[in-house]
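Visitor: Once you've had a glance at the structure underneath, I'll fire off some questions.
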Amino acid sequence: MAKGITENDVHAAADAILAGGNRPTVERIRAHLGTGSPNTVTRWLETWWRAIGGRLAAQQERLTWPEAPSDVAAAASRLWELALLRADAYAEARLADERMALQGAYSAIAEREALAQMQVQAAFEEQAQAREALKASEMRLGDLQRLLEQQAAQIQDIQRERGQGQVRVSDLTAELARVRAQGDAAATAFATERDMLLQQLRGSEERAAMEIDRARQTSKRLQTEAKARAGQQQADLADARQNNDLLVRELQATRREGDVQRARADALEQQLGRFAELPAQLEATLSRVQANTAVTLAAPRSRGKRGAGKKADARHP
């Protein structure tokens, strides 16, 4: 109920609307007051209609007072009766409109009820479908539980195989460490050989410088023989340069061999990831590595000996 709306407020609004020549209705009273719930206005409007008869009787009594002139009382009575007739006709017309509106509302309510019944029926059907789906879900859940048990057993088998694989990986890791140790030893030997070659190269350069100095001194000392010995000295200088170039190439070859050994060690690390095939390939790989290491260690020494022989020949043409 709207706050502040009383029965007297509704009655006063109905009187004002009726005085304006309109039939009091719930909508007009609410519009006149500016507030009020439809239920409250309807209840107080019904009491206004019930009290209107008594109010008309009291008005009739006022019109028949003895002190009023008879012709005035008669004219007023006819005017009031005419107003009542017009009010009743207008009220009947408005009532017919409201009946039509109510009939439309009833039809709309009936349509909504029919729609609600259809929705209820659809809900029942959906409930039945949901029950069927629930049964199917329960059956599917049972299948999934059985599948889960099978997968748990498979996981146990996989874990057991994983433990075995970890043991194999540990063995292969130890083997790889051994191979790496051999590779490190080979690399150390290569480094030693390289240092030796560098020392030989420095010695060759120093000897070449000494030879050049001696050649220069000889050139100064034997200016008279310069033209005759010029060709021989140029040949000696070319041989010395050739020996230097040979030593540089040998040093570069030794460095490349070291890089090859490092690449082979990296390849062995990659082969560890393919541990399923490594046991069969490991022996062959180790054999090749040992053979290549022996050949590689032997090659620089032989080349060093050949280089030393050539330098000795160059010093003694």
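Visitor: Could you give the distance between the Cα centres of segment 109-144 and segment 239-265, to the whole Å?
Guide: 86 Å
Visitor: While we're here: Which whole-Hz couplings ³J(HN,Hα) result when phi for each residue of segment 179-196 is put into the Karplus expression 6.51 cos²θ - 1.76 cosθ + 1.60, θ = phi - 60°, listed in order with x for Gly and Pro?
Guide: Along segment 179-196, the couplings run 5, 4, 4, 5, x, 5, 5, 4, 5, 5, 5, 4, 4, 4, 4, 5, 4, 4 Hz.
Visitor: Determine the gain in length on full extension of the stretch THR35-ARG86; use 0.36 nm per residue of separation and subtract their C-alpha separation, reporting nm with one decimal.
Guide: This chain segment gains 15.4 nm when fully extended.
Visitor: For a footprinting-style exposure proxy, rank THR218, THR6, THR254 by other Cβ within 10 Å, fewest first.
Guide: THR6, THR218, THR254
Visitor: Can you compute the FRET efficiency between GLN217 and VAL248 using 1/(1 + (r/R0)^6), with r the Cβ-Cβ distance and R0 = 25 Å? Round to the nearest 0.05.
Guide: Efficiency for this residue pair is about 0.40.
Visitor: I'd like the distance separating the alpha-carbon centroids of segment 18-46 and segment 183-218, in whole Å.
Guide: 123 Å
Visitor: R0 = 30 Å: FRET efficiency of ARG178 with ALA152, Cβ-based, nearest 0.05?
Guide: After rounding to 0.05, the efficiency reads 0.15.
Only the coordinates and a few stated rules stand behind these numbers; no lab work does. Predicted model, so just to flag it, every value in this text is computed and none were measured. For neighbour counting, all protein chains shown are included, and Cβ atoms are generated from backbone atoms with ideal geometry for every residue, glycine included.
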